1. With the requirement that a residue be over 25 Å from residue 227 (Cβ atoms) and β-branched (Val, Ile, Thr), what does segment 161-182 give you?
2. Mind counting the residues in segment 227-247 that are closer than 13 Å to residue 198 by Cα and either of a type in the set (Val, Ile, Thr) or without any contact (Cβ under 8 Å) to a residue 60 or more places away in the chain (or both)?
3. So how many residues does segment 50-65 have that are under 16 Å from residue 94 (Cβ atoms) and either assigned to a loop (DSSP other than H, G, I, E, B) or among the charged types (D, E, K, R) (or both)?
4. Conditions: (1) crowded, with 17+ Cβ neighbours inside 10 Å; (2) in contact with a strand residue (DSSP E or B) (Cβ under 6 Å, 6 or more places away or on another chain); (3) not polar (S, T, N, Q). Residue 51 meets all but one. Number of the miss?
5. Under 21 Å from residue 108 (Cα atoms) and over 25 Å from the mean Cα position of the chain (by Cα): is that true of residue 70 in this structure?
6. Consider only pairs whose beta carbons are under 7 Å apart and that are at least six residues apart or on different chains; among these, list those whose first residue lies in segment 149-164 and is surrounded by 12 or more Cβ atoms within 10 Å (Cβ to Cβ) and whose second residue is among the acidic types (Asp, Glu).
7. Any chance you could count how many residues in segment 52-93 are of a type in the set (D, E, K, R) and in contact with a helix residue (DSSP H, G or I) (Cβ under 6 Å, 6 or more places away or on another chain)?
Amino acid sequence: MRLVVVTQRVDPDDPALGATVPMLRALAARVDELVVLTLASREAGLPANVRVKSIAAPNQALRGLRFAAALAPELRTRPVAVLAHMSPIYAVLAAPLARPLRVPLLLWFTHWRASRMLRAAERVSTRVLTVDRRSFPLASRKVVPIGHGIDVSAIPCVEQADGALRLLALGRTSPAKGLDTIVDAVSLLPDAPVELELRGPSLTAEERAYRARLGRVEDAVPRSEIAAVYQRAGALVNNMRSGALDKVVFEAAAACLPVLVSNPGFDELVAGIEPALMFPQDDARALAERIRALVAAGPAARRGIGRELRARVERDHSVEHWADRVVEALG
């Protein structure tokens, strides 16, 4: 069985895309050959049955031509499917080549933004794979929820320490992340033993302006250092707008960190845990109360919460579970 995957970059050190590498490794373990078409690739220790083909070019038109030239010979020998990983444009470009040969076209996508390109990709795809039905922004019968792909084995479990509760918020400084609400919530707890660490890149003018307003954001964390950052934390806080299920929440839960979340899409992950971990989106006062309750619970209770969250991630969102579900979607 041979599978073709199209992804933007293969870079184990990229803060945003480094997690793609374990997903490719897991897929490679389940097929005879994995062909990866990508714009850029660094040494990633991929298995011997993985072939990486570059489609890099100086402009979009040439990238499209290089993509078609790289994909066409792979389709002639009938792969089991083409999987576009977070790249709706490549699903659209692959369709005229794959559909006449009856090669299934899968799209993996999880984000809140619905674009015209995404609508076109949904129409031409055989199936749309995503974390949860709520993590794909379009209504479609093609949607298959398969969980996230977290490399749990690479994330050691945090040991909760005595002292101040160190809250961690990770990700790009986009207004969609709602980081100002987190800052406001901590400011409502001047007498509580709470510290806040904000870390993430600012890649656009809007994100740089938002970063300046926040005034306390540290640099992004390389993938190779993320486990160490989790080890220093006591809990993760995530106020990302509804429609996207931030992978960092599942990673932090895999690290045995309590996760304070506002997105209803995380309801199954945190269901039944006390003190409650869900808060209303952009509600600083409600978040402050959740933080206060975690502080009052103490390190032993937070350790128990963390172990339960890790078990749920292993069951429903591990990279092995994700790759198994991708193969199931191939039929």
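Coordinate-derived values only; no laboratory data. Treat the numbers as computed from the prediction; the structure is a model and nothing was measured. Ideal geometry is used to build each Cβ from the backbone, glycine not excepted, and the neighbour counts take in all protein chains shown.
1. The answer is 181, and nothing else.
2. Summing the residues that are closer than 13 Å to residue 198 by Cα and either of a type in the set (Val, Ile, Thr) or without any contact (Cβ under 8 Å) to a residue 60 or more places away in the chain (or both) in segment 227-247 gives 2.
3. Residues that pass the stated criteria total 3.
4. Result: residue 51 passes all but (1).
5. Spelling it out, residue 70 is indeed under 21 Å from residue 108 (Cα atoms) and over 25 Å from the mean Cα position of the chain (by Cα).
6. 150/251; 152/314; 155/251; 164/195
7. Result for segment 52-93: 1.
One line per residue, one yes/no per condition, for (1) crowded, with 21+ Cβ neighbours inside 10 Å; (2) without any contact (Cβ under 8 Å) to a residue 24 or more places away in the chain; (3) among the basic types (Lys, Arg):
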{"site": "119", "(1), (2), (3)": "no, yes, yes"}
{"site": "126", "(1), (2), (3)": "no, no, no"}
{"site": "133", "(1), (2), (3)": "no, yes, yes"}
{"site": "144", "(1), (2), (3)": "no, no, no"}
{"site": "147", "(1), (2), (3)": "yes, no, no"}
{"site": "177", "(1), (2), (3)": "yes, no, yes"}
{"site": "192", "(1), (2), (3)": "no, no, no"}
{"site": "195", "(1), (2), (3)": "no, no, no"}
